[in-house]
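Below: the structure, in structure tokens.
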Amino acid sequence: MPELPEVETVRRGLAPSLEGARVVKLECRRPDLRFPFPDRFCERVEGRRVAALSRRAKYLLADLDDGEVLVMHLGMSGSFRVEDAEDSHLPGDFAHARSKDEKHDHVVFHLSAPGSDSDAAVARIVYNDPRRFGFMQMVPRAGLTSHPLFAAMGLEPLGNRLDGDVLDGLFRDKRTPLKAALLDQRLIAGLGNIYVCEALWRSGLSPQRAAGDICGPQRGRRALREKLALSIREVLEEAILAGGSTLRDHTQTDGTLGYFQHSFAAYGREGEPCRTPGCGGTIERMVQSGRSTFHCPTCQR
């Protein structure tokens, strides 16, 4: 499933075509994706202008000019394709190939030029999803934070809000493993398996270590929390930068090449030497809660 950096790069890739544009026509080529489309979906979206496109965790949020929000989730295999008079490109880079097979084109947004009052469609944004695990819902902006999708969602990991003090409050007295705590969407929203493995490797913390073990006033524990918070922010920001660097000039239009995957230091590198200077250990794979964890038992303590 796409993780937060992939969803953010998709958002940045869609924004130039979507923000400020009017949805001249909306095509739904089937009655559902993972869930049925909202009642009167096309009717509620057509004619509306997209005021803003944002992200919450792994969800894309398109604010419409009537106060409703189109909530979109990519699921396992969903992607958007931008088509205009100049080219066709797929925003965002993924570790696995995204489909361009038109038989999986399920939703098509026909858009006016951003900011234009014309009803002429000049671009299309096509949602393609072979496995149909993605979904789209309509939620009033006024009730978004209390909606079941978002009510229990934790804080966003990007930005300076995530720091050692915040981690201290979130993890205090928790005996669950650090990796499980970081993946708990009720605590921190949007972190996924790949980037949690990378952040733990960078911070030198074992994924099996109890989350509460890095809490408390001791100087050493404070340092561990600050390093972990910084590692999380850095690994996400670097992934977004790597994915975003090709958004406006896609040579790999099928999304096959995920640029940040080439700099993974732990994830997917079972049996390879650890890249921590002076470590001498080997990356190992284990399973935690049904998910693969890649770590170095020598330097991650």
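Please state which one of Ile232, Ile240 is crowded, with 23+ Cβ neighbours inside 10 Å and either among the aliphatic types (A, V, I, L, M) or more than 23 Å from the chain's Cα centre (by Cα) (or both).
Criteria check complete, one pass: Ile232.
What about Ser88, is it modelled with pLDDT under 95, surrounded by 18 or more Cβ atoms within 10 Å (Cβ to Cβ) and of a type in the set (Ser, Thr, Tyr)? First the steps, then the outcome.
On the way: modelled with pLDDT under 95: yes; surrounded by 18 or more Cβ atoms within 10 Å (Cβ to Cβ): no; of a type in the set (Ser, Thr, Tyr): yes.
So Ser88 does not fit the description; no.
Tell me, which residue of the range 61-87 that is assigned to a strand (DSSP E or B) and touching a Lys or Arg at 6+ places or on another chain (Cβ under 6 Å) is nearest to Leu191 (Cα to Cα)?
Ser79
Could you tell me whether Pro297 is over 26 Å from Gly212 (Cα atoms) and modelled with pLDDT of 95 or more?
The answer is no for Pro297.
Results for (1) among the hydrophobic types (A, V, I, L, M, F, W, C); (2) out of contact with any helix residue (DSSP H, G or I) (no Cβ under 9 Å at 6 or more places or on another chain); (3) at pLDDT 95 or above, shown as yes or no for each residue.
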{"site": "Pro2", "(1), (2), (3)": "no, no, no"}
{"site": "Val7", "(1), (2), (3)": "yes, yes, no"}
{"site": "Leu14", "(1), (2), (3)": "yes, yes, no"}
{"site": "Phe37", "(1), (2), (3)": "yes, yes, yes"}
{"site": "Asp63", "(1), (2), (3)": "no, no, yes"}
{"site": "Gly78", "(1), (2), (3)": "no, yes, no"}
{"site": "Arg81", "(1), (2), (3)": "no, yes, no"}
{"site": "Asp84", "(1), (2), (3)": "no, no, no"}
{"site": "Ala95", "(1), (2), (3)": "yes, no, no"}
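Check Gly255, Gly268 and return the single one that is modelled with pLDDT under 95 and over 21 Å from Ser231 (Cα atoms).
Step by step, each of Gly255, Gly268 is checked, and only Gly255 is modelled with pLDDT under 95 and over 21 Å from Ser231 (Cα atoms).
Please work out if Phe260 is at pLDDT below 95 and surrounded by 14 or more Cβ atoms within 10 Å (Cβ to Cβ).
So Phe260 passes the test.
Somewhere in the range 237-246, is a residue more than 27 Å from Leu61 (Cα to Cα) and either assigned to a loop (DSSP other than H, G, I, E, B) or touching a helix residue (DSSP H, G or I) at 6+ places or on another chain (Cβ under 7 Å) (or both)?
No, the range 237-246 contains no residue that is more than 27 Å from Leu61 (Cα to Cα) and either assigned to a loop (DSSP other than H, G, I, E, B) or touching a helix residue (DSSP H, G or I) at 6+ places or on another chain (Cβ under 7 Å) (or both).
Of everything in the range 99-120 that's buried (at least 17 other Cβ atoms within 10 Å of the Cβ) and of a type in the set (A, V, I, L, M), which residue is farthest from Val23 (Cα to Cα)? Give the derivation first.
Here is the first cut: in the range 99-120, the ones buried (at least 17 other Cβ atoms within 10 Å of the Cβ) are 99, 104-112, 114.
This time we only want the ones that are of a type in the set (A, V, I, L, M), so: 107-108, 111.
Numbers: Val107: 12, Val108: 10, Leu111: 5 Å.
Here the residue is Val107.
The values are calculated or read from the model by the stated rules, or taken from the named source; none is laboratory data. Everything quoted here is computed from the prediction, not taken from an experiment. So basically every Cβ, Gly included, is an ideal-geometry build from the backbone, and we count neighbours across all protein chains shown.
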